[in-house]
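S.K.: There's a structure below that I have some questions on.
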Amino acid sequence: MTETWQTIARLADRLEEHSTLPREQRILLQLLKIQEEAGEVAEAVIGAMGQNPRKGHSHTWEDVEAEVCDVIVTGMVALTRMNPEAATVFARHVEGVVARDLNETEKAEDATAR
């Protein structure tokens, strides 16, 4: 397990220890937390582009990056709370994405190069 996944496991453990709710509710709330964090990305993008007349340029693109990182961490914690083998589940999923999206692109590039 990588250092990142170890940190994620510690965060998930902390949340598990904090809550007295049944497991299904804890997972559901963690999944909803992803949406909350995604909303903060949207708010930061709007602020970085100065598109809220009341707030103006309230965020930077660095703020947007930080919010995207929060979405990623929250998703990783959610996966860990759902399945203690989250790192393996994620690695297998990425392998599927590579097989589906990158291998086809690479084959097409190879065919074009010939």
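The values are calculated or read from the model by the stated rules, or taken from the named source; none is laboratory data. Not measured: the values here are computed from a predicted model. Every residue, glycine as well, gets a Cβ built from its backbone with ideal geometry; the counts of neighbours run over all protein chains shown.
S.K.: Quick one: count up the residues across segment 49-107 that are out of contact with any Leu (no Cβ under 7 Å at 6 or more places or on another chain), surrounded by fewer than 17 Cβ atoms within 10 Å (Cβ to Cβ) and not acidic (Asp, Glu).
M.R.: Within segment 49-107, residues that are out of contact with any Leu (no Cβ under 7 Å at 6 or more places or on another chain), surrounded by fewer than 17 Cβ atoms within 10 Å (Cβ to Cβ) and not acidic (Asp, Glu) number 34.
S.K.: I'm checking my understanding of the structure. Among residues of segment 60-105 that are among the charged types (D, E, K, R) and in contact with a helix residue (DSSP H, G or I) (Cβ under 6 Å, 6 or more places away or on another chain), which one is nearest to ARG14 (Cα to Cα)?
M.R.: Looking at the filtered set, the residue picked out is ARG81.
S.K.: Suppose we filter segment 30-56 for residues that are within 23 Å of ALA87 (Cβ to Cβ) and over 15 Å from the mean Cα position of the chain (by Cα); how many remain?
M.R.: 0
S.K.: Still on this structure, I have one more. Would you mind finding the one in GLU43, GLU67, GLU85 that is of a type in the set (D, E, K, R) and either at pLDDT below 95 or farther than 29 Å from ARG23 by Cα (or both)?
M.R.: Testing whether each residue is of a type in the set (D, E, K, R) and either at pLDDT below 95 or farther than 29 Å from ARG23 by Cα (or both) leaves just GLU43.
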